[in-house]
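For reference, the structure is listed below as structure tokens.
The values are calculated or read from the model by the stated rules, or taken from the named source; none is laboratory data. Predicted model, so just to flag it, every value in this text is computed and none were measured. Virtual Cβ from ideal backbone geometry, glycine too; neighbours counted across all protein chains shown. Ligands, DNA and RNA are excluded from the accessible area calculation, which covers all protein heavy atoms including side chains. Shrake-Rupley method; radii C 1.70, N 1.55, O 1.52, S 1.80 Å.
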Amino acid sequence: MAIDILIAEDEPSILESLDFILRRAGYSIRSVTDGDAVLDAVRRMAPRLLLLDVMLPRRSGFDILKQIRADVELRDLPVLILTAKGQQQDRRTADELGADGFVTKPYANADVVGAVRQLLGRQGGTA
């Protein structure tokens, strides 16, 4: 069954917060907590959007994004990068690797929901 958003985040409090605000906004959510699980979950769950933390155990979000963009079956998946690192280099790296959006922690709930709505709106669907 397809879901709206797959969240890849290892920090329990942030994951719980994202799950809550995005479900409240009307999206169906699933999550993974380590980098090795992301690609398998994307293939299995077919999310409409991936909300991807940069700093994950076992594999970085940037490595995952690079693999997604290199995969012909996954390359069109919208990816919203979520990171505590607000440095310009991280934004540059995310852009170079093909991220569709970038949200820096700490974030405002409205900013995350707005970014998700914008990206999913590009696919012709809304919650």
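Structure values in brief
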item: ASP10 - accessible surface, heavy atoms, 1.4 Å probe, Å² rounded to 10; result: 60 Å²
item: Dipole magnitude of the chain, debye to nearest 20 (Cβ charges: Lys/Arg +1, Asp/Glu -1, about Cα centre); result: 280 debye
item: Euclidean distance of C-alpha centroids, region 1-70 and region 77-110, integer Å; result: 13 Å
item: Overall form of region 5-114 per C-alpha gyration tensor (a/c, 1.5; a/b vs b/c); result: rounded
item: Rel. contact order, % - alpha carbon contacts under 8 angstrom, at least six apart, region 5-114; result: 24 percent
item: Amide hydrogen neighbours beyond the local backbone of VAL103, cut-off 5 Å, H modeled; result: ILE81, LEU82, THR83
item: Per-residue ³J(HN,Hα) for region 63-80, Karplus 6.51 cos²θ - 1.76 cosθ + 1.60, θ = phi - 60°, Hz, x for Gly and Pro; result: 4, 5, 4, 4, 5, 4, 5, 8, 9, 4, 7, 10, 4, 8, 5, x, 10, 9
item: For region 92-106, Karplus couplings with θ = phi - 60° (6.51, -1.76, 1.60), whole Hz, Gly/Pro x; result: 4, 4, 4, 5, 4, 7, x, 5, 8, x, 8, 10, 9, 7, x
item: Shape of region 28-73, Cα gyration tensor, a/c cut at 1.5; result: oblate
item: Surface per residue (accessible, 1.4 Å probe) for region 5-114, Å²; result: 49 Å²
item: For ILE3, residues with placed amide H under 5 Å, excluding near neighbours; result: ARG48
item: Estimated FRET transfer efficiency (ASN109, MET55; beta-carbon r; R0 22 Å; 0.05); result: 0.60
item: DSSP-assigned coil residues among trypsin sites (Lys or Arg not before Pro) in region 29-127, each with at most 15 further Cβ atoms within 10 Å; result: ARG58, ARG75, LYS85, ARG122
item: Global geometry of region 71-120, whether rounded, prolate or oblate, following the gyration tensor of its Cα atoms and the 1.5 cut on a/c; result: oblate
item: Built amide H within the under 5 Å cut-off of LEU56, gap 5+; result: GLY61
item: Hz values of 3J(HN,Hα) by residue in region 47-53 - Karplus curve (6.51, -1.76, 1.60), Gly and Pro given as x; result: x, 7, 8, 10, 9, 10, 6
item: Neighbour-limited loop hits for GluC sites (Glu not before Pro), region 1-82 (at most 16 other Cβ within 10 Å; DSSP other than H, G, I, E, B); result: GLU73
